[in-house]
Every structure is written in C-alpha cells, then in structure tokens.
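S.K.: Take this structure, written in structure tokens, and hold onto it; I'll ask about it next.
Laboratory data are not the source of any read-out in this text; all were calculated from the coordinates shown. Here the structure is a predicted model, which means the values were calculated and not measured. Positions of Cβ are generated from backbone atoms using ideal geometry, with glycine treated the same way; all protein chains shown enter the neighbour counts.
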Amino acid sequence: MTQLILEPTATAQWHALVSEAEVAAAQTLDETLESYLVFLLMRFVARPDLANRALAIDYLRGSATQGQLQETQLRDVGDLCLLLSGMYPQQADRRLVQVSYYVDLGRGAYGQLAERLRHAGAGVYQQLCQGFVALMDVLQAMRSLDGKPVMAPLQSLELWAETGSQSAWQRLRAQTDALPVSLDNTRHKPH
C-alpha cells in the first residue's frame, strides 16, 4: 500500500501526484506541460459539471466563434477530452465511442487554437496538441496508482493501435506474452 504524503498546498499536492504518475508512466513532461496539467486538475476539481457536456457540439460552437470566447470554448473541449481520456476512459464505453475519439477531438481543439491564436499562448496549445497522448498516459498512470487497471485489455489494444499510447502498450505487454502489431500505419495523426 502506498503511503499518503501530504504537501503544504493544493498545488504542491497535485504537482507531487503528477510527478509520481510521470514516473509510473515512464514519461517526462517539460515544465510547461507539467504545470498545465497541475492547474488543469485543480480547475476541474472546482468544476465537476464540465464532464456532462456534449463535447462535439462545444467543439463546433468554439470553431464558429472568435476571440476570447473561441479560446475559452476550444480550451475547455481540449481539457475535458484530456481528462476523459486520461482519468475517466470508461466514459468512452458509456458514450459508445472509443477513447481515441477524445484524443482526436482534444488534439483538434488544441491544434485549432495553436493555428488561430496570435499571442504567446499559441505555443502552449501546440505543445498540448503534440503532447496529448503523453499527457493522457500520465493521467492514466495517476488513475492506476492504486493498482487497479484503468482500462480493459481490449481498450488498451484499441488505444495503442489508434494513438500509439506507450502506456497502453505497456499494459498490453504486462497482460500477455503476445506481441501486438499495428496493421494500419495511416491512423497515427501528427497534428
């Protein structure tokens, strides 16, 4: 059983948890992505209502708007897709989609922001788009720190085949002696 260590602030507590998950996922996030993830987790704790949103509709609305409203709406879509794919991948089954749906939608939202914004934040959104799968892997590792698997083996296979997730690959390797092989290399999107 893991020993509970309390940090002096909520930010420090989230940072420690993200750092532990990075080690568990064998991922090293740069300072920008690590900080973004910490503050995303803190923001989501204060707004659990966001999980009930129709993300595709929010994405379309965000794409059709401009300015600060567009940034807020598309950022929320990207953030929620990141949280759902990382912390709550079982939501995909409930909504009759694959986890990669959230990956594609979230990357698309962050990618649009990176292309459309004309300020310094565009670079952060480009990093979020490119590092989406690594961030998702860290969140899934965080969710699995209690020793319970975050996904069923078939979900892990689909996620690995669709996104190239290294954590999904490691879960597959731990569950079987077989070596999964991707038959379709056109699916991995560079964004």
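S.K.: What would the Debye formula give as log10 I(q)/I(0) at q = 0.15, 0.16 Å⁻¹ for the alpha-carbon point model of the chain, no solvent?
M.R.: -0.91, -1.03
S.K.: Still on this structure: DSSP loop trypsin sites (Lys or Arg not before Pro) in the stretch 118-177 with at most 16 other Cβ atoms within 10 Å of their Cβ, which ones?
M.R.: R118
S.K.: Once you place label points 7 Å from the Cα toward the Cβ at T72 and D177, how far apart are they in nm?
M.R.: So the two model labels end up 5.8 nm from each other.
S.K.: With point charges of +1 on the Cβ of Lys and Arg and -1 on the Cβ of Asp and Glu, referenced to the Cα centre of the stretch 1-116, which listed residue (L29, L105, I57) lies farthest in the positive direction of the dipole?
M.R.: Of L29, L105, I57, it is I57.
S.K.: Using Cα-Cα distances under 8 Å and only pairs 6 or more residues apart, what relative contact order does the stretch 36-106 have, in percent?
M.R.: Taking the mean separation of contacting Cα pairs over the length of the stretch 36-106, I get 26 percent.
S.K.: Still on this structure: So how much slack lies between Q130 and R53, counting 0.36 nm per residue of separation and subtracting their Cα-Cα distance, in nm?
M.R.: Working: separation 77, 0.36 × 77 = 27.72 nm, distance 2.40 nm.
Stretched out fully, the Q130 to R53 stretch lengthens by 25.3 nm.
S.K.: Something else now. If the chain between R118 and F44 were fully stretched, how many nm would it gain, using 0.36 nm times the residue separation less the Cα-Cα distance?
M.R.: Contour length minus the Cα-Cα distance gives 24.0 nm.
S.K.: R0 = 25 Å: FRET efficiency of L145 with T11, Cβ-based, nearest 0.05?
M.R.: Once rounded, the FRET efficiency stands at 0.85.
S.K.: While we're looking at this one, here's another question. Provide the net charge surrounding A25, with neighbours chosen by a C-beta distance below 13 Å and charges set as Lys +1, Arg +1, Asp -1, Glu -1.
M.R.: Spelling it out: positives minus negatives among the neighbours equals -2.
S.K.: Tell me the relative contact order for the chain as a rounded percent, counting alpha carbon contacts under 8 Å between residues six or more apart.
M.R.: That works out to 21 percent.
S.K.: Related question: Report the local net charge at Q166: Lys and Arg +1, Asp and Glu -1, summed over other residues whose C-beta lies under 11 Å from its C-beta. Intermediate values should be presented prior to the final figure.
M.R.: Numbers: positive: R171, R173; negative: D137.
Summing Lys and Arg as +1 and Asp and Glu as -1 gives +1.
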